[in-house]
Amino acid sequence: MVAAARAVETGRPDALVQDAYARHFVRAAPACSTWPVHPAQVPGGESDPLWGRLGRYFGLRTRVFDDSLLRATAAGARQVVLLGAGLDTRVYRLPLPGDCAVFEIDRPDVLDFKQHTLDALDARPRARRVTVATDLRGDWVPALSAAGFDATRPTAWIAEGLLLYLPSAAERRLIDTIDAHSAPGSSLVYEVKYGTETPAVRDSPVYRAARDRIGVHLLTLFDPDPRPDSAHDLTTRGWHTKVRTPFDYTDHHGRGPRREPDDALAANRWVFAGR
Ligand code: SAM
């Protein structure tokens with residue numbers, strides 16, 4: 001879904017992000033081979049709750065997290081860890097320093113699919129890309145260290161579209177682990193949902209459209225545990241944190257989703273932390 005959203009975003013005249021690889025991932029997976037990869041295939045445009053509004057949300061999120069990563073490398077970070085990297089192509093798309101190492105952590109089947117698709121395109125990373133197939137609910141640091149991660153160097157951590165799906169205990173462990181392996185100068189950006197969504201929100205157009213049109217039951221993917229306040233937790237450990245809504249960035253960029261009644265995006269927060 002996120003790759004399809006990035007593909008559509010890439011074709012918009014006012015695109016927030018350019019991801020030339022996204023459409024290839026969508027077309028390579030039989031389950032989504034009929035999903036849109038261009039705005040012309042989204043007849044409702046931005047009023048379409050799924051590929052319009054939610055799609056634009058993913059485009060905006062990608063852009064905001066891209067900008068945060070580029071700020072981190074401009075400040076000197078030469079180590080990036082993408083937690084739940086999925087079909088993220090930052091190491092192929094962004095002007096990262098050539099001496100930067102980008103570790104992509106995800107499940108083996110996801111990384112295999114991604115590799116296969118990128119190999120077919122003869123895609124070349126712009127920095128050193130290292131894939132790490134491991135489960136983020138367990139002890140993933142040994143696999144990351146074995147891949148060359150060095151906890152004494154500043155790291156830019158990104159958890160984009162991940163914590164929503166993890167049990168709260170796994171989120172706590174993940175934050176503990178990041179904290180314990182972040183040298184001064186490190187940064188972390190992640191997405192969470194705050195609070196519990198009301199029945200009206202759970203019945204809102206985007207959840208219905210995803211379920212009825214493409215068979216994706218988003219609400220069953222989100223972990224039902226009450227969410228920990230990881231931003232507060234990080235603050236007590238000496239990190240500085242900023243919590244923002246997506247709408248803050250819609251205002252900033254002049255495009256993206258705007259608030260609406262019973263809004264499935266209203267609980268989403270993007271957290272920027274640094275130490
Ligand atoms: N960060 C990517 C992006 O924004 O395009 C991917 C987001 S996708 C919604 C979530 C990713 O997290 C998937 O690729 C999934 O395989 C990965 N993931 C979920 N649970 C995981 C776990 N326990 N261990 C490793 N990866 C996991």
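FYI, it's all coordinate maths here, none of it is from the lab. Given the structure is predicted, the values throughout are model-derived calculations rather than measurements. Every residue, glycine as well, gets a Cβ built from its backbone with ideal geometry; the counts of neighbours run over all protein chains shown.
Checking the structure you have, find out if any residue of the range 256-275 is touching a residue at least 60 places away in the same chain (Cβ under 8 Å), part of a helix (DSSP H, G or I) and out of contact with any Lys or Arg (no Cβ under 6 Å at 6 or more places or on another chain).
no
Please go through the range 96-107 and give me each residue that is within 16 Å of the ligand (Cβ to nearest atom) and either among the hydrophobic types (A, V, I, L, M, F, W, C) or buried (at least 19 other Cβ atoms within 10 Å of the Cβ) (or both), ordered by number. Please lay out each step first, then the result.
Keep residues of the range 96-107 that are within 16 Å of the ligand (Cβ to nearest atom), which gives 102-107.
Selection gives V102, F103, E104, I105, D106.
Any idea which residue in the range 171-209 is nearest to the ligand (Cβ to nearest atom), counting only those that are hydroxyl-bearing (S, T, Y) and part of a helix (DSSP H, G or I)? Walk me through it before giving the result.
Restricting attention to the range 171-209, the residues satisfying the condition of being hydroxyl-bearing (S, T, Y) are 177, 182, 186-187, 190, 194, 196, 198, 204, 207.
Narrowing the set further to residues that are part of a helix (DSSP H, G or I) leaves 177, 207.
Details: T177: 13, Y207: 15 Å.
Checked the range 171-209; the qualifying residue nearest to the ligand (Cβ to nearest atom) is T177.
Among the residues of the range 216-223, is there at least one that is in a helix (DSSP H, G or I), farther than 23 Å from V271 by Cα and within 16 Å of the ligand (Cβ to nearest atom)?
Yes: one or more hits.
Of all residues in the range 1-46, how many are assigned to a helix (DSSP H, G or I) and hydrophobic (A, V, I, L, M, F, W, C)?
Let us first name the residues in the range 1-46 that are assigned to a helix (DSSP H, G or I), namely 2-10, 22-28, 30-32, 39-41, 45-46.
The next check asks that each one be hydrophobic (A, V, I, L, M, F, W, C); those that pass are 2-5, 7-8, 22, 25-26, 28, 31-32, 40.
Qualifying residue count for the region: 13.
Among the residues of the range 148-170, how many are away from the ligand (no atom under 11 Å from the Cβ) and farther than 15 Å from R78 by Cβ?
Narrowing the range 148-170 to residues away from the ligand (no atom under 11 Å from the Cβ): 148-157, 168-169.
Then drop every residue that is not farther than 15 Å from R78 by Cβ, which leaves 168-169.
Number satisfying all stated conditions: 2.
Considering only the range 108-121, state which residues are surrounded by fewer than 14 Cβ atoms within 10 Å (Cβ to Cβ), within 12 Å of the ligand (Cβ to nearest atom) and either charged (D, E, K, R) or in a loop (DSSP other than H, G, I, E, B) (or both).
Within the range 108-121, D109, D112 qualify.
Residue-wise test of (1) β-branched (V, I, T); (2) under 19 Å from the mean Cα position of the chain (by Cα).
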{"residue": "T10", "(1), (2)": "yes, yes"}
{"residue": "A20", "(1), (2)": "no, yes"}
{"residue": "P39", "(1), (2)": "no, no"}
{"residue": "R78", "(1), (2)": "no, no"}
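Each row is one residue, and each column tells you yes or no for (1) surrounded by fewer than 18 Cβ atoms within 10 Å (Cβ to Cβ); (2) closer than 21 Å to A85 by Cα; (3) touching a residue at least 60 places away in the same chain (Cβ under 8 Å); (4) out of contact with any helix residue (DSSP H, G or I) (no Cβ under 6 Å at 6 or more places or on another chain).
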| position | (1), (2), (3), (4) |
| --- | --- |
| R173 | yes, yes, no, yes |
| S186 | no, yes, yes, yes |
| V201 | no, no, yes, yes |
| V206 | no, no, yes, no |
| D212 | yes, no, no, yes |
